[in-house]
1. With the contact rule set at Cα under 8 Å and sequence spacing of 6 or more, what percent relative contact order holds for the stretch A:20-117?
2. Using the Cα centre of chain A as origin and beta-carbon charges of +1 (Lys, Arg) and -1 (Asp, Glu), tell me which of A:Leu55, A:Cys23, A:Val116 is placed farthest towards the positive end of the dipole.
3. Am I reading the A/B interface right? What is its buried accessible area, both sides, 1.4 Å probe, to the nearest 100 Å²?
4. Using a simple spin-label model with points 7 Å from Cα along the Cα→Cβ vector, what separation in nm is obtained for B:Arg43 and A:Leu39?
5. Return the whole-Å distance between the Cα centroid of the stretch B:34-112 and the Cα centroid of the stretch A:56-117.
6. Only Cα pairs within less than 10 Å get springs; with that Gaussian network setup on chain B, which residue of B:Lys73, B:Lys15, B:Lys99 has the largest fluctuation?
7. Where is the GNM fluctuation largest for chain A (alpha-carbon springs, 10 angstrom cutoff): A:Ser27, A:Ser62, A:Ser75?
8. Using mean Cβ contacts within 10 Å as the protection proxy, how do B:77-84, B:5-12, A:31-38, A:91-98 order, highest first?
Amino acid sequence: DTGVSQNPRHKITKRGQNVTFRCDPISEHNRLYWYRQTLGQGPEFLTYFQNEAQLEKSRLLSDRFSAERPKGSFSTLEIQRTEQGDSAMYLCASSRWRTGTRTGELFFGEGSRLTVL
Amino acid sequence: AQRVTQPEKLLSVFKGAPVELKCNYSYSGSPELFWYVQYSRQRLQLLLRHISRESIKGFTADLNKGETSFHLKKPFAQEEDSAMYYCAPQWSSGGSNYKLTFGKGTLLTVNP
């Protein structure tokens, strides 16, 4: 297993277009997280899944953002009608969670960089 | 309100000097605390967690509940320690859903 995989690594799009990012977690990991990182900031939580269930979504996430994890394996993050403020690095992470524990170690992908012109 | 603060954006030391990266948090409960590191052109990865009370690559971090701090320390910095360091408390915004929250990070440069 090569770890968490994200694609595309870079995406340049025009304002108003839709974009979709994909994340393939480490195979035995049941939790999957999406974070967003802008220049000079730490990663900012967006949403996370346990298996196929989306357990939490940040209040910062507008309705233009939607994430899915069908079948509890890979996940997609779609941004509709992109705006220049959406330009950021989108990070995916996964972890193996067990009942009675909190989150455990997160394993990150290399990220997908979005530039909205 | 829950908050994590890393007061230094940049920290520069010479090789062999001690280094301390500061982290303060504000949380009413008992957080679990982590330090994550990102080396140049590498992905973000776990450095250490407070519950393990371990030393990784010579780094240690002690949770001080009285001062609500979790500073990262190393007695003798090495050039390969140059990286971006993130303090990351794990806490709940309500209920049993815990998530990792990251500080803004401190860029450590160790000069030869």
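1. Values: 204 pairs, mean separation 30.0, N = 98.
That works out to 31 percent.
2. Value: A:Val116.
3. On the way: alone 6960 and 6640 Å², together 11710 Å².
Accessible area lost upon association: around 1900 Å².
4. Spacing of the two 7 Å Cα→Cβ label points: 2.5 nm.
5. 22 Å
6. Checking each option, the largest mean-square fluctuation is seen for B:Lys99.
7. A:Ser62
8. Result, highest mean first: A:31-38, A:91-98, B:77-84, B:5-12.
The values are calculated or read from the model by the stated rules, or taken from the named source; none is laboratory data. Quantities reported herein were computed from a predicted structural model and do not represent experimental measurements. Glycine also receives a Cβ, built like all others from the backbone with ideal geometry; neighbour counts cover every protein chain displayed. Remember, those area values only see protein heavy atoms, side chains included, never the ligands or the DNA or RNA. Shrake-Rupley method; radii C 1.70, N 1.55, O 1.52, S 1.80 Å.
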